[in-house]
Amino acid sequence: MKGPNKHLKGIITRCTNYKESDRIFTLISDDGIMKFIARGAKKPSSKLSGHIEPLNYIALYYRPSKSLNSVSQVESIHSFLEIKKEYNLILKAQYMMELAESLSSENDGNSSILNLLLSALKNIHISKIPTLDILIFEFEILKLQGFGISLFNCTNCNKELERAEHYFSSNVGGFYCARCFESKSLFSESVKVTIDQQLILRTISRKNYKDLINFNLSEKEIDNCRKLIRDSIRDIIGVQLKTVKFSDL
Amino acid sequence: MTSGKNSLPVEVQKLIIAFSSLPGIGPKTAQRLSYFVLSQNKEETLKLAGALKEVKENLSYCRTCCFITSDKDSENCYYCYEKESEQVCVVENVIDAITIEMSGIHKGSFHVLHGAISPMNGIGPEKLKIEELMKRLNKGETKEIILATNPTLEGEATGMYLNKIISENYKNIKLTKLARGLASGTDLEYSDFNTLSNAFQNRTSID
């Protein structure tokens, strides 16, 4: 017997065509990541067509099922039209969606990833430095999922890090102090990080985003910080995200 | 001959695997199709196998427009010879070109990209037939490019990318794209924001 219709809000991250006119899509929702089937959505006369597109924030009604939940009604809440007008922003948004997808789990009932993704997508088109917004998003989503980067203490001896160049290991998701770095011979798995880069990351971790504007950040500095975070993401997920190379364009 | 725990003959197992590699075919449907093939008479089945073999052996893609051609050695296919080369309609897939061709609206030639830019699936511009399009434009015969990519996120991204590289490198070529907006037979009430926005932007005056 079919259960009652359920209501959900979320962002469509990917769509694939299925059979003659159906579409299967993935949604990052209040209830974690979920998959749905929209029957007949490919037909131009379908009430669902148009709404079932990646990068759409939608509200939907669906019939829960053991296999794929079937969508009965969809309404667009936000279509991120400003992002969809610019090629580079589309690529960046797709990277953020894939990252959110890969760090989400099914039916976890936690809306924080959805809220973080929503606010990042709403701001990216008005940002003066979109790569900085991506860096903040990467940093925040890792923290949210319990993979936050340790910035203030040595990951080995837990001593507070002094104002100096330190070595970052994506493997452990943090910095080594000079003593631990030399005593443990961690040369192969660590990279040297400048004081400025550490300062950027610390400012992001304290959520003092307005202070970042006073730093006169160069794209290169942001890219170097992003490289550290991206390596951590790769180590956590276990694979390189497909959209990574496109997010730098 | 049967193998391991699976009591099905190896030949049937191979057929099921082959069917399930097709898009939209899951393991259950693959099984059903395999049993259907088994129940068919030999003649019918060999006809299917022969058609599959012929498609792979006799057909290839045109070196100019990337459409299907049976002439493997020639530089240009039937469409490249017969159609006007001044107006080129760029489509994602062969089926899109056939649909436009059947409507009889477009008199020019086609260029098939064989996909769309899709970062989520790891498909970048280098995996599409864009280089072939550029080679074609270098000949200097093309006066207009009609971008007929699908109105999806991937299709739009592909259109934007092509627009960028063509307008930067070929200033004399006119670039157009198919109109976006409300489709015939739809209800305004159920339209999404993107479609409505396009419909308003591309509204026309009533004579």
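The values are calculated or read from the model by the stated rules, or taken from the named source; none is laboratory data. Keep in mind it's a predicted model, so treat the numbers as computed, not measured. Glycine gets a Cβ as well: all are built from the backbone with ideal geometry, and neighbour counts include every protein chain shown. Ligands, DNA and RNA are excluded from the accessible area calculation, which covers all protein heavy atoms including side chains. Shrake-Rupley method; radii C 1.70, N 1.55, O 1.52, S 1.80 Å.
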- Calculate the mean, over all residues of peptide B:113-119, of how many other protein chain Cβ atoms lie within 10 angstrom of the residue's Cβ. 4
- Expressed per residue, the solvent accessible area of region B:1-60 in Å² (1.4 Å probe) is about 80 Å²
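Which percent, to the nearest 5, of DSSP beta bridges fully inside the protein assembly as shown are antiparallel?
70 percent
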- Item | Solvent-accessible heavy-atom area per residue, rounded to whole Å², over region A:180-230 at 1.4 Å | 60 Å²
- In what order, largest first, do A:E165, A:E75, B:E154 sit by accessible area if the probe radius is 1.4 Å? A:E75, A:E165, B:E154
- region A:24-60 to region A:83-133: how many Å between their Cα centroids? 17 Å
- Query: Over all Cα pairs of chain A, how is the pair count split among 10 Å bins, expressed in % and running from 0 up to the last occupied bin?
  - Reply: 7, 28, 30, 19, 11, 5, 1
- Note on the structure: For region B:1-101, the Cα-Cα pair-distance distribution in 5 Å bins from 0, as whole percents, is 2, 10, 14, 16, 14, 11, 11, 9, 7, 4, 2, 1, 0
- Message: For a protection proxy built on the mean count of beta-carbon atoms within 10 angstrom, sort A:156-162, A:20-26 highest first, please.
- Response: A:20-26, A:156-162
- Message: Counting only Cα atoms, I'd like the Rg/Rh figure for region A:127-247, Kirkwood definition for Rh.
- Response: 0.95
- Note on the structure: Descending accessible area (1.4 Å probe), largest on the left, turns A:R202, A:R163, A:R39, A:R63 into A:R163, A:R39, A:R63, A:R202
- Item | Heavy-atom accessible area order for A:H166, A:H78, A:H7, largest first, 1.4 Å probe | A:H7, A:H78, A:H166
- One-quarter of the Cα convex hull surface for chain B, in nm²? 18.0 nm²
- Message: At 10 °C and a viscosity of 1.306 mPa s, what translational diffusion coefficient does Stokes-Einstein give for region A:94-139, taking Rh as the Kirkwood radius over Cα pairs? Give it in µm²/s as a whole number.
- Response: 143 µm²/s
- Using a 1.4 Å probe and ignoring any ligands, DNA or RNA, find the accessible area of A:K19 and quote it in Å² to the nearest 10. 140 Å²
- Helix-only CD estimate at 222 nm, as mean residue ellipticity for chain A, using -39500 (n - 2.57) per DSSP H run (n ≥ 4): -11000 deg cm²/dmol
- Taking a probe of 1.4 Å and counting only protein heavy atoms, give the total accessible area buried between chains B and A in Å², rounded to the nearest 100. 2400 Å²
- With Rh as the Kirkwood radius over Cα pairs, region A:6-80 has Rg/Rh of 0.91
- Keeping all protein chains in position, work out how much accessible area B:V90 exposes to a 1.4 Å probe, and write it in Å² to the nearest 10. 0 Å²
- Residue mean of other protein chain beta carbons inside 10 Å, A:48-54: 6
- Item | Along each principal axis, Cα extent of region B:10-58, largest first, Å | 30, 24, 19
- Note on the structure: Over its alpha-carbon atoms, the protein assembly as shown yields an Rg and a Dmax in Å of 26.3, 83
- Query: region B:179-207: which residues show an accessible-area loss of 40 Å² or more, assembly versus chain alone, 1.4 Å probe?
  - Reply: B:Y190, B:D192, B:F193, B:N194
- Percent of Cα pairs exceeding the 20 Å cut-off, where the set is region A:145-205: 16 percent
- What accessible area, in Å² to the nearest ten, does a 1.4 Å probe give for B:V10? 40 Å²
